[in-house]
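Reading through the structure tokens given below for one structure.
The values are calculated or read from the model by the stated rules, or taken from the named source; none is laboratory data. Just so we're clear, the structure is a prediction, and the values are computed from it rather than from any experiment. Neighbour counts run over all protein chains shown; Cβ positions are idealised from the backbone, glycine included. The protein model used for the area step is the full one, side chains on, heavy atoms only, and it has no ligands, DNA or RNA in it. Shrake-Rupley method; radii C 1.70, N 1.55, O 1.52, S 1.80 Å.
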Amino acid sequence: MSEQRMDVYLLAAPQPGIERSALVSNLAAAFKKDVPSIEKMLRRSRTLVKADVGPELAAKYKALIEKAGGQCELVNHGQAAELQITAAPKVQSLALEPMATPKPAEDEDDYDQTEAACFCVKCGTMIRTGLTHCPKCFTPVTQDGVSKSKTTATLLAFFLGGLGVHRLYLGQWWGVFYLLFWGTLIPSIVSLIESIVFLCTSQKSWDEKYGNVKKTSGVLIAVFIICIFVFIAITGILAAVALPAYQDYVNRAKTQSAMPLVLEAQKKVEIFIKKNHSYPNENILVGLPDEISSNLIESIYLQEKAKLQVTYKFLKDKNTIIWAPKEVNGDVVWTCNEGTMNVRYRPEGCRDGHGADDSSTNSALPTPPSELNQKVFSDDKRVSIQVPDSWKKQDLVAGAAIGLAQGFEQNYVVVMVDSKVDFEPQMTLDKYAALVKQQMEANSKNGVVEQQTAVKLAGLPAQRFIFQSSVEGVKIAYVVTLVESDKSFCKIMAWTLQSRLDNNRKILEDVSNSVRFQ
């Protein structure tokens, strides 16, 4: 039995929803004909495209026409058509040359593969090269588009998503924001979720969205490269700042963690000093072993004047702090400004005032805080003064209205009030100041008055001067403030060791300025 032969007819009416102009353009591209030739074919209701072809080739013609948005009718060869064809023999001349000769059987299987160049961005239908609109949904075709790989996008989102590389690959310029906010880690979390979404997306849905993406422009690539350099620069700056700061923090934490062993050694030294009123210079004298160490401390040795030299393990050099004791009013206070350790790594109480790494330099004690949080009244509540919380009441001078001391820094202050009733009417503030200086010079050895100035205290006239002298062989510096009120003269004497005057003068003046009369 011979094979049935078919005639292929092109109907003039386009598929529903397809405009005629789009049909003409698609057919011209599909059959490689010019537009006027296609227009001429569509002027008739039916036009014979190809006659006497096999069923398989006829089906291919039909599929090609329908993909272009047109309608096709297949009729058995030699059978009369249901509608009258008003075509003259010239119609045959409109037959499309590329389709005139059937393809060899071995090439027919490759037909669809060679025609599909991209996918519709709306419905995902494969679109043959040259078509301007999707034959199914009539969506315009992006001529310079490319198809993006789901696998590639998934891998980029998983490994480089925090930098927005996957979004740039998909032609989305806003991927640069991933890079700009990379430091917050939010882009990395979002891109990890996106990689999972990409992986779970069906191939059809992926092709609908990313099957015809515009090619990445040079401007976008340039912007991304600039952002990369900015990102590297910012990361480098942050690393340069953060890493040394973190290292300092680690070393300070190690120094603080080693303090229990230091405090234990200090306690034994304090017991010896209080009991014998002398300063030991060997570990054995206070009951300390010669070898003292821990995971952070290499050694602790007693030196002259009971100084404890602590050597730490975690620093290769400049790794010592020297703790120096001193007996003050029956208590032992420690300073820690000597040694080679950098000030950045020292405990908080050993940082201020440490100006050199030379272990022979004994810097001044830390400047006391100027926060005057404690208000102290005299017994009759007529006079008050404000001092830091560390100051304590103490009877320093007989007859003083207020007496306070800060033992560790060796700062002291007394407030004394003299009623004007006890003086002649002609007594003035200047004469009172001269009398006070005369008394202080008489009671001291080699006393010197310096820097006398007129000041105001709570709106009242006052005078202030520095008086330096020796008391039982100890050099003392006084900050003396004299105030005149309506009913009395007030004498405020704040003092410290001469070697600490520069360091402690501000707190002594602040305390003196806080005196108020009720």
If the convex hull of the alpha-carbon atoms of region 29-78 is projected onto planes in all directions, what is the mean projected area in square nanometres? 3.7
Ranked by accessible surface with a 1.4 Å probe, highest first, in what order do ARG20, ARG167, ARG505 come? ARG20, ARG505, ARG167
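Would you mind getting me the FRET efficiency between VAL35 and TRP174? Use the beta-carbon distance for r and R0 = 56 Å, nearest 0.05. Working shown, then result.
On the way: r = 40 Å, r/R0 = 0.71.
Step by step, r from the Cβ atoms, then E = 0.90.
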Where does each of VAL8, VAL35, VAL421, VAL455 land when they are ordered by accessible area, with a 1.4 Å probe and the largest first? VAL421, VAL35, VAL455, VAL8
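Using a 10 Å cut-off on Cβ atoms, rank the peptides 283-289, 204-210, 246-252 from the highest mean neighbour count down. Could the numbers behind the result be given before it?
Values: 283-289: 15.4, 204-210: 17.0, 246-252: 13.4.
Highest mean packing first, the order is 204-210, 283-289, 246-252.
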Could you work out the local net charge near ASN504, counting Lys and Arg as +1, Asp and Glu as -1, over the other residues with Cβ closer than 11 Å to its Cβ? -1
Given charges at Cβ of Lys, Arg, Asp, Glu: region 479-518 dipole, positive-most of VAL483, ASN503, SER514: ASN503
Under 26 Å from the Cα of LYS267 - lysines, other chains or at least 8 residues apart: LYS254, LYS275, LYS305, LYS307, LYS313, LYS318, LYS326, LYS392, LYS393
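For LYS475 and ILE225, what is the calculated FRET efficiency with R₀ set at 56 Å and r taken between the beta-carbons, to the nearest 0.05? Don't skip to the answer; put the middle values down first.
Details: r = 70 Å, r/R0 = 1.24.
In this case the efficiency is close to 0.20.
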Using only the Cα atoms of region 409-491, construct the convex hull and provide its projected area averaged over every direction, in square nanometres to one decimal. 6.2
Please state the relative contact order of region 243-322 as a whole percent: Cα pairs under 8 Å, 6+ residues apart? 22
Which pairs in the list LYS268/LYS375; LYS431/LYS456; LYS381/LYS420 are over 26 Å apart, alpha-carbon to alpha-carbon? LYS268/LYS375
Quick check: pseudo-label points 7 Å beyond the Cα along Cα→Cβ at LYS506 and VAL146, how many nm apart are they? 6.5
Sorted by mean Cβ packing within 10 Å, highest first, what order do the peptides 374-383, 258-267, 490-499, 316-325 take? 490-499, 316-325, 258-267, 374-383
Using the alpha-carbon centroid of each, what span in Å lies between region 477-491 and region 380-433? 8
Can you give me the distance in nm between label points at LYS375 and SER294, each placed 7 Å from the Cα along the Cα-to-Cβ direction? 4.3
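Would you mind getting me the FRET efficiency between ILE284 and GLN438? Use the beta-carbon distance for r and R0 = 45 Å, nearest 0.05. It would help to have the intermediate numbers written out before the result.
Values: r = 54 Å, r/R0 = 1.19.
That pair, ILE284 with GLN438, gives E of 0.25.
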At SER45 and ARG20, where each label point lies 7 Å from the Cα along Cα→Cβ, what is the point-to-point distance in nanometres? 1.6
Of SER45, SER195, which has the most accessible area and how do the rest follow, probe 1.4 Å? SER45, SER195
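For region 393-488, which GluC sites (Glu not before Pro) are in a loop by DSSP, counting at most 11 other Cβ atoms within 10 Å? The partial results should precede the final answer.
Details: sites: GLU409, GLU441, GLU450, GLU472, GLU484; in loops: GLU409, GLU472.
Those that pass, being in a loop and sparsely packed, are GLU472.
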